[in-house]
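J.: Encoded as C-alpha cells, here's the structure I'll be asking about.
The values are calculated or read from the model by the stated rules, or taken from the named source; none is laboratory data. This is a predicted model, so every value here is computed, not measured. Here the Cβ is made from the backbone with ideal geometry for all residues, glycine too, and neighbour counts use every protein chain on show. Remember, those area values only see protein heavy atoms, side chains included, never the ligands or the DNA or RNA. Shrake-Rupley method; radii C 1.70, N 1.55, O 1.52, S 1.80 Å.
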Amino acid sequence: MATSVEDTRHCELPRPFLDLNTEVLAAWLKDRGEPAMRSRQIRRWLIGRGATSFDQMTDLPLALRQQLAADFTPFGTSVVQHLQSRDGTHKLLLCLRDRQLIECVLIGEDKRRTACISTQVGCGMGCVFCASGLNGLERNLTSTEILEQLLHLRNLLPPPGRLTHIVVMGMGEPLANLDSLLDALQAAGAKDGLDIGARHITISTVGLPAKIRRLADLGKQYHLAVSLHAPDDRLRTRIIPTNEKTGLHDILQAADYFFERTGRQVTFEYVLLGGVNDGLGQARLLADLIRGRHAHVNLIPFNDVPGLPYRRPSDESLAAFIGALKESGISVKVRKRKGSEIDAACGQLRRSALPQIPSESGRPEPASPAVV
Ligand code: SF4
C-alpha cells in the first residue's frame with residue numbers, strides 16, 4: 001500500500017504521552033529500569049499539575065526526564081491561535097498531529113470556569129446554521145485530543161487554576177464519538193486529574209436515540225442537552241437534516257428514558273433563527289412538546305455567521321417566544337452570549353483559519369493571546 005508524504009511525516013512526530021496505554025508504558029518504563037508507578041506520576045504531572053514539559057517533573061530522575069523528552073511529546077496538539085475577548089472568554093485554535101484544526105473555549109463567569117470542547121474535526125450532522133458542519137465530517141477526535149483541549153484551557157488559568165465545568169458543545173456530535181469522549185471524561189474526572197465530577201459535565205447532542213439510551217445506562221450523572229431547534233419534524237428536518245432518520249418522537253422518548261434512569265432533568269436547546277423557527281405558533285407547539293416532561297428549555301438567539309443566510313430574531317419575537325413558553329409553565333432561559341468578538345460561535349474561527357493550515361515545513365509555534 002502506498003504511503004503518502006503526509007502519512008510519513010505524521011508517523012515521525014513524537015508520540016503524545018497521554019496516548020500510551022498502561023501496558024505499553026509499563027513495558028517502556030521496565031526497559032529503562034523504572035517502576036510502573038512512574039506512569040501515574042507522569043500523568044498526574046500533565047493532567048493534575050499543569051506541567052507542559054517533562055523537564056518540569058522535578059521528582060523524576062533527570063535521565064528519565066531526558067528519555068521521555070526523546071521518545072514522546074507531552075502534548076500531541078498545539079495552540080496555533082489564542083483569542084481573548086473583553087469579557088474574559090478565551091478561544092483556542094488547536095493544530096492536531098495530522099494538521100487538522102479544532103477549537104475549544106474557556107468561559108469565566110463568577111466562580112465558574114467552564115471549558116467548551118470539540119469531539120470531532122468538522123461535523124456530519126449538517127445543521128444549516130452552523131459553521132462547523134459546512135464542510136462535513138473529517139474524522140473523530142481521539143480521547144487524548146479531547147482531553148488535551150481541557151488541559152490547554154486549564155493551563156490558561158493562573159495557578160492553581162482549576163476548571164469547574166465542562167460543556168461538550170464544540171465542533172462535532174459528541175454521541176457520534178462516545179467511546180473516546182467517555183475515556184477523556186473519565187481522565188478529567190479522576191481525583192488526581194482535573195477532578196471534575198459528572199454533575200458538572202454537560203453533553204450536548206442533536207439527538208441520537210440509541211446513544212442517549214446508552215449514556216443513560218452508564219449510571220453516571222452527566223447532564224444531557226438535546227438540541228431541538230424546531231417543534232415539528234418537517235421544520236426540524238430542514239434545520240437538522242439527520243432528523244429525517246431519527247424523528248422527534250424517538251428523540252423525546254430517549255430523553256425521557258435518560259431522566260428515568262439518571263433522575264437528571266434534560267435541557268432542550270433551541271437556536272432561534274429569525275423568521276424560521278421563532279414564531280408564536282412554533283413557541284406554542286414547543287410548549288406542547290415539553291409540557292409534562294422534567295425538562296428545561298435554553299433559547300439561543302442565533303449569532304450571525306458570515307456566509308450563512310440566517311439572522312438573529314428580533315427582540316419582540318424573542319420576548320413573545322419566551323412569554324408563550326412561560327405561560328405554559330415551561331422553565332426557560334436565554335443563553336447569555338459570551339466572547340462575541342472572537343468568533344465564539346462553534347466553527348467560525350477554524351473556518352476563518354482554514355487557508356492558514358500550517359505549512360509542510362513543520363508545526364507552528366504556540367500563539368500569544370490576541371485581545372480583540
Ligand atoms: S450544531 Fe453541533 S451537531 Fe449541528 S452541525 Fe454544528 S457541530 Fe454538528
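J.: Give the number of residues within region 214-242 that are charged (D, E, K, R) and open to solvent by less than 30 Å² (accessible area, probe 1.4 Å). It would help to see each step written out before you state the result.
T.: Taking region 214-242 and keeping what is charged (D, E, K, R), we get 214, 217, 220, 232-234, 236, 238.
Of the ones still in play, those that are also open to solvent by less than 30 Å² (accessible area, probe 1.4 Å) are 236.
Of the residues in that region, 1 qualify.
J.: Separate question: Give the number of residues within region 169-208 that are open to solvent by less than 30 Å² (accessible area, probe 1.4 Å), touching a helix residue (DSSP H, G or I) at 6+ places or on another chain (Cβ under 6 Å) and either farther than 20 Å from GLU148 by Cβ or not β-branched (Val, Ile, Thr) (or both).
T.: Of the residues in region 169-208, 12 are open to solvent by less than 30 Å² (accessible area, probe 1.4 Å), touching a helix residue (DSSP H, G or I) at 6+ places or on another chain (Cβ under 6 Å) and either farther than 20 Å from GLU148 by Cβ or not β-branched (Val, Ile, Thr) (or both).
J.: Check region 136-143 and report whether any residue there is within 16 Å of the ligand (Cβ to nearest atom), among the acidic types (Asp, Glu) and open to solvent by 30 Å² or more (accessible area, probe 1.4 Å). Give the steps one after another, and end with the answer.
T.: First, the residues of region 136-143 that are within 16 Å of the ligand (Cβ to nearest atom): 136-141.
From what's left, among the acidic types (Asp, Glu): 138.
Pick out the ones that are also open to solvent by 30 Å² or more (accessible area, probe 1.4 Å) and you get 138.
So far as region 136-143 goes, yes, one or more of its residues are within 16 Å of the ligand (Cβ to nearest atom), among the acidic types (Asp, Glu) and open to solvent by 30 Å² or more (accessible area, probe 1.4 Å).
J.: Right, another one. What's the number of the condition THR52 fails, among (1) at pLDDT 95 or above; (2) surrounded by fewer than 22 Cβ atoms within 10 Å (Cβ to Cβ); (3) in contact with a strand residue (DSSP E or B) (Cβ under 9 Å, 6 or more places away or on another chain); (4) assigned to a loop (DSSP other than H, G, I, E, B)?
T.: (3)
Every residue, every condition in (1) at pLDDT 95 or above; (2) loosely packed, with under 14 Cβ neighbours inside 10 Å; (3) assigned to a strand (DSSP E or B); (4) among the aromatic types (Phe, Trp, Tyr), yes or no:
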{"position": "LEU25", "(1), (2), (3), (4)": "no, no, no, no"}
{"position": "LYS30", "(1), (2), (3), (4)": "yes, yes, no, no"}
{"position": "THR58", "(1), (2), (3), (4)": "yes, yes, no, no"}
{"position": "ARG65", "(1), (2), (3), (4)": "yes, no, no, no"}
{"position": "ALA69", "(1), (2), (3), (4)": "yes, no, no, no"}
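J.: Here is a follow-up. Could you check, for region 218-225, whether at least one of its residues is within 16 Å of the ligand (Cβ to nearest atom), in contact (Cβ under 8 Å) with a residue 12 or more places away in the chain and among the small types (Gly, Ala, Ser)?
T.: Looking only at region 218-225, we keep the residues that are within 16 Å of the ligand (Cβ to nearest atom), and these are 224-225.
So of that shortlist, the ones also in contact (Cβ under 8 Å) with a residue 12 or more places away in the chain come out as 224-225.
With the extra rule that they be among the small types (Gly, Ala, Ser), the set shrinks to 225.
Yes, region 218-225 has at least one match.
J.: What about LEU18, is it at pLDDT 95 or above and surrounded by 19 or more Cβ atoms within 10 Å (Cβ to Cβ)? Talk me through it step by step, then tell me what you get.
T.: Details: at pLDDT 95 or above: yes; surrounded by 19 or more Cβ atoms within 10 Å (Cβ to Cβ): yes.
In short, yes.
J.: Residues in region 107-127 that are of a type outside the set (Asp, Glu), part of a strand (DSSP E or B) and more than 16 Å from the ligand (Cβ to nearest atom): how many?
T.: Residues of region 107-127 that are of a type outside the set (Asp, Glu), as a first pass: 107-108, 111-127.
Next, from what is left, pick out any that are part of a strand (DSSP E or B): 107-108, 112-116, 120-122.
Right, trim to more than 16 Å from the ligand (Cβ to nearest atom) and you get 107-108, 112-115.
Summing the residues that are of a type outside the set (Asp, Glu), part of a strand (DSSP E or B) and more than 16 Å from the ligand (Cβ to nearest atom) in region 107-127 gives 6.
J.: Another question, then. Does region 295-302 contain at least one residue that is more than 16 Å from the ligand (Cβ to nearest atom) and touching a Lys or Arg at 6+ places or on another chain (Cβ under 9 Å)?
T.: Here is the first cut: in region 295-302, the ones more than 16 Å from the ligand (Cβ to nearest atom) are 295-297.
From what is left, the residues that are touching a Lys or Arg at 6+ places or on another chain (Cβ under 9 Å) are 296-297.
Yes, region 295-302 has at least one match.
J.: Can you tell which of LYS245, LYS211 is touching a Leu at 6+ places or on another chain (Cβ under 7 Å), within 16 Å of the ligand (Cβ to nearest atom) and open to solvent by 10 Å² or more (accessible area, probe 1.4 Å)? Break it down stepwise before answering.
T.: On the way: LYS245 fails: touching a Leu at 6+ places or on another chain (Cβ under 7 Å).
Answer to the check: LYS211.
J.: Could I ask something else about it? Could you list all residues from region 128-159 that are in contact (Cβ under 8 Å) with a residue 24 or more places away in the chain, assigned to a loop (DSSP other than H, G, I, E, B) and under 23 Å from ALA51 (Cα atoms)?
T.: LEU141, THR142, ASN155, LEU156, LEU157, PRO159 - these are the residues of region 128-159 that are in contact (Cβ under 8 Å) with a residue 24 or more places away in the chain, assigned to a loop (DSSP other than H, G, I, E, B) and under 23 Å from ALA51 (Cα atoms).
J.: Applying the selection to region 298-334, what residues are open to solvent by less than 50 Å² (accessible area, probe 1.4 Å), closer than 18 Å to VAL276 by Cα and of a type in the set (A, V, I, L, M)?
T.: Residues satisfying the conditions are LEU299, ILE300, VAL305, LEU308, LEU318, ALA320, ILE322, ALA324, LEU325.
J.: Taking region 160-186 only, how many residues are without any contact (Cβ under 8 Å) to a residue 60 or more places away in the chain, in a loop (DSSP other than H, G, I, E, B) and within 12 Å of the ligand (Cβ to nearest atom)?
T.: Number satisfying all stated conditions: 2.
J.: Residues of region 84-106 being more than 15 Å from the ligand (Cβ to nearest atom), modelled with pLDDT of 95 or more and in a strand (DSSP E or B), which ones?
T.: Scanning region 84-106 gives HIS90, LYS91, LEU92, LEU93, LEU94, CYS95, LEU106.
J.: Would you check if GLN149 is at pLDDT 95 or above and closer than 24 Å to ARG213 by Cβ? Walk me through it before giving the result.
T.: Details: at pLDDT 95 or above: yes; closer than 24 Å to ARG213 by Cβ: no.
So GLN149 fails the test.
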